[in-house]
Structure formats: C-alpha cells, structure tokens
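Reviewing the structure listed below.
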Amino acid sequence: MRMNPMGTGPSGRAGARLVKWVVIALVAIVALFVFLPFAVVPNGHRGVRLTFGSASDEVLTEGLHWRTPLMQTVYKMPVLIERSETESEAASRDLQRVRTQVVLNYHVDPKQVVRVYRTIGEFDNIEPRIIDPTVQEAMKAVTALFTAEELVTKRPEVSDRIRFAVNNRLQRHGIIVDEFAITNFKFSESFDAAIEAKTVAEQQKLKAERDLARIQVEAEQKVAEARGLAESQKLNAEAQAVALQAQRAAVTPELIELRRVEAQLEAIKRWDGHLPTVSGGATPLLNLDAETLQRGRTP
C-alpha cells in the first residue's frame, strides 16, 4: 500500500489549519494593541496624551480615554506619595563638618502633570534631577546659619527652615512636599567627644548644685531646731521666774507671824515643865504666864 506524503493527509491538513488560526489570533492581538483607540489611566496616576511625542495640555484623569491609534499614546504619571532619602555634607557656622540625612515624602501635583512632563520628563527623572539637588542646596544654606551645637539644640527650627526652602523650590516644578524630617546629624569624632565631655561636666555641675542645696536645707533645719530649743528653754526660765516671784509675793507679815506662833506652840509641846538651868547671864524668858503653860501641858 502506498503512503501519502507528510502533511497531505487529513491530520496534516488539520495541523496546517491550526497553525493558520494561531497566526491569525496573534496578528489580531498585536493589531488590537496597536490600533486600540482607547487608553486606561489607573488609580493613583494621571495621563498625558502624546501626539507623535508632543504632550497635549489636557490632563487625563483616572479611567478610560480616547486616543488616535498609531498617532497618539498616553503616558501615565504617578501622583501617589513617594519617599525620597537624601544625604548632604555641609559646614556649620562654626566651621564644623556636618553630615545630614533627610527623608522627604512628596507627590506630583495632579493639576500640573503636563507641565512636569514637559519640563522634567518621565517620573523617574524627578528625584535625581530635582529633589536631590534641591534638598542638598537647602540643607547647606540652612546649616551655615547655625553652629554645630545649635543644630542639635534647635533641631525643630532647623528642620522647619529646611522644609520651607525645599517646599518653595519644589513647588515651582509642580511637586508638593507632604512630610519632611531630619533623621540624623553626624559630626566629626572630635566634636562628638567634646560634646560628651561638656555634657558630663554639666551633669557634675548639676549634681554639685543639688548637693549644695541639700546641705543648705539641712543646715537651716538644724538652725531652726536650735532656735526652737532655745526658745523653749527661755519660756521655761520665764515660767520659773514668774512662779518664784509669785511665791515671794505670797510671803506677807501675817504669814511670818503665823509661822512664829506655830514655832512657839511646837516648843511648848516639847517643854517638860522645868526651866533650863544656866550659870550666869539672864534666864530666858518665854513671855508666857503659868496658866498658859499649864494649859499647854494639859493634854
């Protein structure tokens, strides 16, 4: 039996038809993308319609837009917030070398997308051409206004000044600054050592001042206690003097006479009825009659 040449049988003709349809589908897909009269601008973007490379004045918003096949294309410019990090080395007012690191959040003004494309080009050109030089120039200009120590102690003011300068320059190019932050100030090793030594000295000074204040307070407390004790002793002495004066004032002639009579009565109680015998001299006189003496002896 004679065999048919390859591709001339039923299976060969089916394969040829399959290849033909695949080629037609590919050509249709390519033609669809080439001659498609529509362009889609995704979220977070704005479109710039280019006619043979020339940008039109209209800003295409998000969504579906008409374009002329083969003549027009649409460039999609991102308008979302982007992050840029820039480092710069500059000299402070006291001629200290300072390396500054800045983080910037920005976005392209959606209303000025066409102007940004015409002056800067595609989005990838914005950071190296505009943002980095602007930030570096602003940092050098502002850093020169402060000493190295002030860059640390007045950091919020330094940051505000740099942000103001950067914002003004970028706005002229259609770029808006959302956030600005100085993430790091780096000085020379010798300056860092000097700052550390000054900080230690200030801490020691504060400690000495606190110790002196504590000693003064303790001394004042002791003086107050001594004054209180002296005042208490003075009051006690005055009270004793007043009591003594009161006792002295209470000794009247009547009290003296009363004490004399009491002494005489005590002597009478102790007398045994005999006069004392003395040789020479006068006999003591008790100035009492016999009746009184008798009554004194009578129990």
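Summary of values
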{"item": "Every residue from segment 1-57 that is assigned to a loop (DSSP other than H, G, I, E, B), at pLDDT below 85, closer than 30 Å to R118 by Cβ and open to solvent by 50 Å² or more (accessible area, probe 1.4 Å)", "result": "L36"}
{"item": "Test result for S232, under 24 Å from the mean Cα position of the chain (by Cα) and either loosely packed, with under 13 Cβ neighbours inside 10 Å or part of a helix (DSSP H, G or I) (or both)", "result": "no"}
{"item": "Unique match (being modelled with pLDDT of 80 or more, surrounded by 12 or more Cβ atoms within 10 Å (Cβ to Cβ) and over 24 Å from the mean Cα position of the chain (by Cα)) among K222, K140, K186", "result": "K140"}
{"item": "Residue list for segment 143-165, filter: open to solvent by 60 Å² or more (accessible area, probe 1.4 Å), of a type in the set (A, V, I, L, M) and either touching a strand residue (DSSP E or B) at 6+ places or on another chain (Cβ under 7 Å) or under 30 Å from R49 (Cβ atoms) (or both)", "result": "V152"}
{"item": "Scope segment 112-129; condition on the phi < 0 side of the Ramachandran plot and open to solvent by less than 20 Å² (accessible area, probe 1.4 Å); matching residues", "result": "V113, V114, V116, I120, I126"}
{"item": "Sole residue being of a type in the set (S, T, Y), modelled with pLDDT of 90 or more and open to solvent by 30 Å² or more (accessible area, probe 1.4 Å), chosen from Y75, Y106", "result": "Y75"}
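The values are calculated or read from the model by the stated rules, or taken from the named source; none is laboratory data. Bear in mind that the values here come from a model prediction, so they are computed numbers and not experimental data. All Cβ positions, glycine included, derive from the backbone under ideal geometry; neighbour counts span all protein chains shown. Surface accessibility is based on the protein's heavy atoms, side chains included, excluding ligands, DNA and RNA. Shrake-Rupley method; radii C 1.70, N 1.55, O 1.52, S 1.80 Å.
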